Amino acid sequence: MKVVLHRTHGGPDVLQVADVPVPEPGPDEVLVRVEACGLNHLDVLQRRGPGLIPGFTLPHVAGMDVAGTIASVGPAGSGRAGSATAFAEGARVVVNPAVPCDHCASCAAGADGRCPSTGVIGATLAGGYAEYVLVPAANVHHVPDKVDLADAAVVPTIWMTAWHALIEIGKVRLGETALIHAAGSGVSTALIQLAKASGARVVTTVSTDAKVEYAYGLGADLVVNSTTGDVVAAVREFTDGRGADLVLDHVGPATWNTGLYSLAPRGRLVFFGNTTGNRAEFDLVYAYHFGLQLLGSDPYDRREFAAMLDAYWDSTFRTPIDSEFPLIEAAAAQERMESRLATGKIVLRP
């Protein structure tokens, strides 16, 4: 089968097309024929190096968001959660990329998001930049017939990240105001829609005027160009001087203080990304004087993924697709992501 991998860190040119054997599913595993794979920023970050997630190795096949059909199933009986016998060959599925061990104390307690041995398809395990991908049966979920597999492939990472940050950690409430950075990104596309569905008012930022209409189309109440406008002032004006109840930040240092100073007293800043760096500095006195809450959004549990999918299939949520590329043009797809011109998700098709 064909895969796209990189054997060293660097620019998009390190991505290479290779031929490798098709893997055989073991006990409680399934082999998925990839129909579509959604790109994520982690693909680019780990290609640039160093690998960010413990367990990353080279050569690496990226691709966390996979949808396709079951090509073959392994036997039952490994003791891992889930069974391959629940899926027939040809079944249409989407993949949960987080693979806990299913044996440790955290997994036994239903807190598999905190499993110390969790692997991630496309991050520490071979992913969807390929014609086939091998996954545990517990990690595949049926896709309704009404849903195109490309539309299913762009759901897992951004919607699960958004769901966990907004609902599980941020505990968004009816009537609150949420500031969501970077409306053009995939995860913010999900956050805006989830926040509106939860009854919140949404202020969001964009880097260019070309993305303003896109953000309003997702349901945002106010869109601010962060390159030319004063985000903090806009949030204060929108909330009659009070500030936002909740800030969602997956950008990092570049937006950290903007979010912090946009918060109302006792507001919550939920952070879960580092695309602009790993360290942020802020005024401790300001933060504790106003009782600000800084909440890291940790990994999600398997039960949340199933709940998120059920909610997504039953909703009018949408995940715009910016562009599609054939698998062998994965380098061009990543260049599109790095350009910051994309609005919505980028998809690879084998």
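What to note about this one:
- Qualifying residue in the range 118-140 (condition: within 20 Å of residue 307 (Cα to Cα), in a loop (DSSP other than H, G, I, E, B) and touching a Lys or Arg at 6+ places or on another chain (Cβ under 7 Å)): no
- Scanning the range 83-130 for residues that are charged (D, E, K, R) and surrounded by fewer than 22 Cβ atoms within 10 Å (Cβ to Cβ) yields 89, 92, 102, 114.
- Only one entry of 184, 175, 199 meets the criterion of being touching a helix residue (DSSP H, G or I) at 6+ places or on another chain (Cβ under 8 Å) and part of a loop (DSSP other than H, G, I, E, B), and that entry is 184.
- Against the numbered list (1) assigned to a loop (DSSP other than H, G, I, E, B); (2) open to solvent by 70 Å² or more (accessible area, probe 1.4 Å); (3) touching a residue at least 24 places away in the same chain (Cβ under 8 Å), residue 9 comes up short only at (2).
- Restricting the range 254-307 to residues that are aliphatic (A, V, I, L, M) and part of a helix (DSSP H, G or I), the residue that is nearest to residue 43 (Cα to Cα) is 254.
- For the range 27-45, the condition of being of a type outside the set (D, E, K, R), open to solvent by 20 Å² or more (accessible area, probe 1.4 Å) and assigned to a loop (DSSP other than H, G, I, E, B) holds for at least one residue.
- Of the residues screened, residue 330 is one that is more than 22 Å from residue 100 (Cβ to Cβ), open to solvent by less than 40 Å² (accessible area, probe 1.4 Å) and part of a helix (DSSP H, G or I).
- Every condition in (1) surrounded by fewer than 22 Cβ atoms within 10 Å (Cβ to Cβ); (2) in contact with a strand residue (DSSP E or B) (Cβ under 9 Å, 6 or more places away or on another chain) holds for residue 170 except the one numbered (1).
The values are calculated or read from the model by the stated rules, or taken from the named source; none is laboratory data. Bear in mind the structure is a predicted one, so any value in this text is a computation, not a measurement. Virtual Cβ from ideal backbone geometry, glycine too; neighbours counted across all protein chains shown. Ligands, DNA and RNA are stripped out before the accessible areas are found, and what is left, the full protein with its side chains, is counted by its heavy atoms. Shrake-Rupley method; radii C 1.70, N 1.55, O 1.52, S 1.80 Å.
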